[in-house]
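The values are calculated or read from the model by the stated rules, or taken from the named source; none is laboratory data. Treat the numbers as computed from the prediction; the structure is a model and nothing was measured. As a convention, Cβ positions derive from the backbone with ideal geometry for all residues, glycine included, and neighbour counts pool all protein chains shown. Just so you know, the surface numbers come from the protein's heavy atoms only, side chains and all, with ligands and any DNA or RNA stripped out. Shrake-Rupley method; radii C 1.70, N 1.55, O 1.52, S 1.80 Å.
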Amino acid sequence: MHTGLYEPTLPTDRGELSAATLAYLRRASGSLPPAGDAERSDPYGDDLQLALYLCYELHYRGFAGVDDEMEWDAALLAFRRALEDRFLAALRDDAPLPADVDSALAELLVEPVQGDGISYHLRDDGTLGQVREYAAQRSLYHLKEADPHAWVLPRLHGRAKAGMAAVEYDEFGAGRGERVHARLFADLMRDLSLDTGYGRYLDAACPQMLAVSNLMSLLGLHRRLRGALVGHFAAVEITSSPNCRRLAQAMERLGAGPAAEHFYREHVEADAVHEQVVRHEVVAGLLEAEPQLAADVAFGIAATGLVEDRFTEHLLGSWRSERSSLRHAL
Amino acid sequence: MHSPRDESPRRLRVQRTGPLLVEGPVEVTLDDGTVAVSDRFCVAVCTCRRSRTYPWCDTSHRRRTAD
């Protein structure tokens, strides 16, 4: 009997690429689509993003009924490469590259008096239903919070490695299992009467959320993209603290529960520290050792802004027209 | 827990804008005698006095724009 971690089940397909991936994972088919199919697919669409997500999840927890050997299946890796090339090329085309790392970071360090992102909406006007949707969407990342970033550790050295490891240590509970951030998020989900099973909301998640998660996996898994991973991590940590304050206020206003509030309050304080360590030690340390990676760091910051903006537009757009942002009701 | 820093000077970073960064754990006694404790590996102590989680930084020192 299997008594280990909960294994997510395979989702339903969202088109030809994801259907072919699912069939291959189930060993119902021995072949995958040619690279040309990925090149013609919408790089941010449901189909490509789900196919890519399926490939990446083999490196995290895999799926029930899928052979663990699939993680290093050569044909699947070649297919994943075609999906990644399409996604990465789109990000490089669409994310406006900042002039340099310092100006990109400086821009993130300015706080608008009244912004218009998801956290502002949830704080001021959001409903409990919208908060639950938001948590279900974000659970695709937060139930593996900081995992994609751990892959960069062997690719960093000296100051950058020490700083990154220290922040990851905090993310992973500073030695205490009950403080692991992914666990705190599961506690939040329980307060919101959501299912805390890993991957439970994959079928419901919008492609914009899949892209948010896929960007991290892409940058984490490729050593050549270590600079972009560091830029991405800096962007996430810098923008997190003020966002989390507003989300904590939203949880408080809506009476979401103590664990729901705690998750965001913990991040207000933790990420105010993390962004300092990431800028002073990780980014500065990396660029001191490998100055040629500056453009990659800037790209990581820009690509993160792009996928987050798309996610924001989708959620706020759906809610404005009184639709769910999810593909299936909770 | 023993760490190399037990043998070496505690590192602080001061910034023109932004918190004082101190290696944790840290115990801070406030004006009114209350004591705040943080056991993080690094602690960001608010210096702008605008933090709503004082004495810890909550990024309230950041420059704000109207747009």
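Annotations
- Counted residues, segment A:74-118 - those being within 14 Å of chain B (Cβ to nearest Cβ) and of a type in the set (A, V, I, L, M): 6
One line per residue, one yes/no per condition, for (1) surrounded by fewer than 16 Cβ atoms within 10 Å (Cβ to Cβ); (2) more than 7 Å from chain A (Cβ to nearest Cβ); (3) touching a strand residue (DSSP E or B) at 6+ places or on another chain (Cβ under 9 Å):
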residue: B:V22; (1), (2), (3): no, yes, yes
residue: B:V28; (1), (2), (3): no, yes, yes
residue: B:C42; (1), (2), (3): no, no, yes
residue: B:T47; (1), (2), (3): no, yes, yes
residue: B:R50; (1), (2), (3): yes, yes, no
residue: B:T59; (1), (2), (3): no, no, yes
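- For A:L122, the conditions (1) buried (at least 20 other Cβ atoms within 10 Å of the Cβ); (2) closer than 21 Å to A:A303 by Cα are fulfilled apart from (2).
- Residue in segment A:253-264 that is open to solvent by 10 Å² or more (accessible area, probe 1.4 Å), touching a residue at least 60 places away in the same chain (Cβ under 8 Å) and within 14 Å of another protein chain (Cβ to nearest Cβ) present: yes
- Screening segment A:272-292 for residues that are away from chain B (no Cβ under 14 Å) and either open to solvent by 10 Å² or more (accessible area, probe 1.4 Å) or outside any helix (DSSP H, G or I) (or both) and picking the one that is farthest from B:L21 (Cα to Cα) gives A:Q292.
- If the condition is being of a type in the set (G, A, S), within 14 Å of another protein chain (Cβ to nearest Cβ) and in contact (Cβ under 8 Å) with a residue 60 or more places away in the chain, then segment A:155-202 contributes A:A162, A:G163, A:A166.
- Any hit, segment A:51-58, residues being in contact (Cβ under 8 Å) with a residue 60 or more places away in the chain, crowded, with 17+ Cβ neighbours inside 10 Å, in contact with a Pro (Cβ under 6 Å, 6 or more places away or on another chain) and under 20 Å from A:R200 (Cβ atoms): no
- Of the residues screened, A:L315 is not one that is among the hydrophobic types (A, V, I, L, M, F, W, C), open to solvent by 10 Å² or more (accessible area, probe 1.4 Å) and closer than 24 Å to A:A182 by Cα.
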